[in-house]
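Take a look at the structure set out below.
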Amino acid sequence: MDNSHLLSIGKIVGVHGLKGVLKVFSYAESTARFTPGLSLHLKNFHGKEFTLKIVWAKPHSKTILLSLEGISDRDQAEELVGSDLFIEKAALEVLEEGTYYWADLMGLSVYNLAGDHLGEVSAIVQTGSNDVYVVKRRDGTTETEVLIPALASVVRDVDLDRRTMRVDLPEGL
């Protein structure tokens, strides 16, 4: 199956109770991505892929409790532990200009204004005031890492079609 139209939103990390409720570690910012009736694509550690609809979801400690159609007991739920969860990218709302989903930014090639290649976005870290892009570059056996604040004054251009980002680095970076 071609998964380029899918976005990873979480992983099943355990079960809760006896009625097939799953514990999910979510990569999404809120439980809004787990809307009842939405189809989730699951891929287990054996590579088996299947689709199930969400019955309900609610926050629980640092996880989300999730009920899926057809999963009604603990044994069925335990078979899904370790599965990755995906949604259709088409199910996501269109973002306003200059705003991007993290998944779209991962792997972008980053260049400074002089055109020097700084590396690729390898991670994004949430901080209190703004996100920070972790940009890694490997030269032979040496790996360097630059932390770039996700601010309009620093990130000058993002071109998702070309998979590039241009930045104006602050003094000292």
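The values are calculated or read from the model by the stated rules, or taken from the named source; none is laboratory data. Keep in mind the model is a prediction, meaning the values are calculated, not measured. Cβ coordinates were reconstructed from backbone atoms using ideal geometry, including for glycine residues, and neighbour counts include every protein chain displayed.
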Check region 139-149 and report whether any residue there is free of Cβ contacts under 8 Å to residues at least 24 places away in the same chain and closer than 24 Å to Glu97 by Cβ.
yes
Considering region 80-131 alone, what residues qualify as being free of Cβ contacts under 8 Å to residues at least 12 places away in the same chain and part of a loop (DSSP other than H, G, I, E, B)?
Glu93, Val94, Leu95, Glu96, Glu97, Thr99, Ala114, Gly115, Asp116, Thr127, Gly128, Ser129
Taking Lys23, is it exposed (fewer than 14 other Cβ atoms within 10 Å of the Cβ), within 21 Å of the chain's Cα centre (by Cα) and of a type in the set (Lys, Arg)?
no
Go through region 133-167 and give me each residue that's of a type in the set (S, T, N, Q) and not in a strand (DSSP E or B).
Thr141, Ser153
Among the candidates Leu160, Leu173, single out the residue that is within 16 Å of Gly98 (Cβ to Cβ) and at pLDDT below 95.
Leu160
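Would you say Leu160 is assigned by TED's automatic domain parsing to the domain that holds Leu38 and surrounded by 12 or more Cβ atoms within 10 Å (Cβ to Cβ)? Show your work before the answer.
Values: assigned by TED's automatic domain parsing to the domain that holds Leu38: no; surrounded by 12 or more Cβ atoms within 10 Å (Cβ to Cβ): yes.
No: the conditions fail for Leu160.
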